[in-house]
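Written below as structure tokens is the structure these notes are about.
Bear in mind these aren't lab numbers, they're just calculated from the coordinates by the rules spelled out. Computed from a predicted model, the values in this text were never measured in an experiment. A quick note on method: Cβ atoms are made from the backbone with ideal geometry, for glycine too, and the neighbour counts reach across all protein chains shown.
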Amino acid sequence: MEEALLFIEQNQTWLFLIVGAGCAIYLLLGLRAYRDLQAANFELERERAVTRLTRSGAMFALLAAALIATYLLTTFVSPAIPAASRPTPVPTVSLLATPRPATLEPGQTLASPTPLNVSTIDGAGCQNPQATILTPASGDTLRGEVRFMGIANIPGFAFYKLEYHDLKPGSTWMAISAGNRPVCEEGCEAEEGAEEGELGTWDTSLVMPGQYAVQLVVTDTLGNAPLPCQILVQVVP
């Protein structure tokens, strides 16, 4: 019942337009049938006009009732649906978005971010069984296309992203893959629509050989994310 009310509420504009147009059409047909009835000279013509008038009147009454019911439902009934029953909007992720620079007040200075290096990579986030990279493991050597297997299935899941960093000064995290459906281990009981196991594939032939950090960031519908799972890998030709 609540799903039907939410559907009507979300599409009320189109419903009003469609039902209102139907009312106008059958009103015009009814008026035309009434004029034909007034002008009819023969019994057969009058019977046909009465039939058309009756049909048009019935359809007009039905659509008018639907119009009134839609108004009453969207005005008085659907607003009473508890917020917990309403769908939570999911943030849209853009991997190509450029961060906007911060606006500073006079006299303020922008703190420099801590450079990313081997010593700052924290694997503690990988202990979270709901947001972790299973394979490859930290310290593994990668070559060619590598499938990353893991879990991204936190409560209130919204999206995940898998990224790499070359550990060079001034570099930023670069996207490997992202998804808006949960990822779970093969055979686990995830919600409907979940993927099994694979977080994404990284073609390491597109980057220079060397040491890289890879992290998995999983975010919920409120914009919160647990500690990222970060690993170190060695890319070879």
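Less than 5 angstrom separates the built amide H of residue 149 from those of 134, 135, 199, all sequence-distant by 5 or more or on a different chain.
Using R0 = 41 Å, the C-beta based FRET efficiency linking residue 145 and residue 222 works out to 0.75. Our coupling estimate for region 130-144, obtained by passing each phi through the Karplus curve with A = 6.51, B = -1.76, C = 1.60 and θ = phi - 60°, is 9, 8, 8, 9, 8, 9, x, 8, 4, x, 6, 9, 10, 8, x Hz, Gly and Pro reported as x. Relative contact order of region 119-235, taken over Cα pairs closer than 8 Å and 6 or more residues apart, is 36 percent. Under 5 Å from the amide H of residue 184 lie the amide H atoms of 152, 195, 196, 197, each residue being 5 or more positions distant or on a separate chain, with H modelled from the backbone and absent for Pro and chain starts. Between residue 46 and residue 180, how high is the FRET efficiency from 1/(1 + (r/R0)^6) when r is the Cβ-Cβ distance and R₀ = 45 Å? Nearest 0.05. Efficiency, from the Cβ-Cβ distance: 0.10. In summary, the convex hull built on the alpha carbon positions of region 2-85 has an orientation-averaged projected area of 5.9 nm². Ratio of Rg to Rh for region 119-235, alpha carbon only, Kirkwood? Over the Cα atoms of region 119-235, Rg/Rh equals 0.96.
Backbone phi angles across region 219-231, fed through the Karplus curve with coefficients 6.51, -1.76 and 1.60 (θ = phi - 60°), yield HN-Hα couplings of 10, 9, 5, 8, x, 8, 9, x, 4, x, 8, 10, 9 Hz in residue order; Gly and Pro are listed as x. If R0 is taken as 30 Å, the Cβ-Cβ distance between residue 127 and residue 207 corresponds to a FRET efficiency of 0.65. For the peptides 144-152, 45-53, the ranking by mean Cβ contacts within 10 Å, running from highest to lowest, is 144-152, 45-53.
Among 13-20, 129-136, what's the highest-first ranking by average C-beta atoms within 10 angstrom per residue? Can you show the working numbers first?
Numbers: 13-20: 13.5, 129-136: 17.0.
Output ranking for 13-20, 129-136: 129-136, 13-20.
Charged side chains reduced to their Cβ positions (Lys and Arg at +1, Asp and Glu at -1) give region 119-235 a dipole of some 500 debye around its Cα centre.
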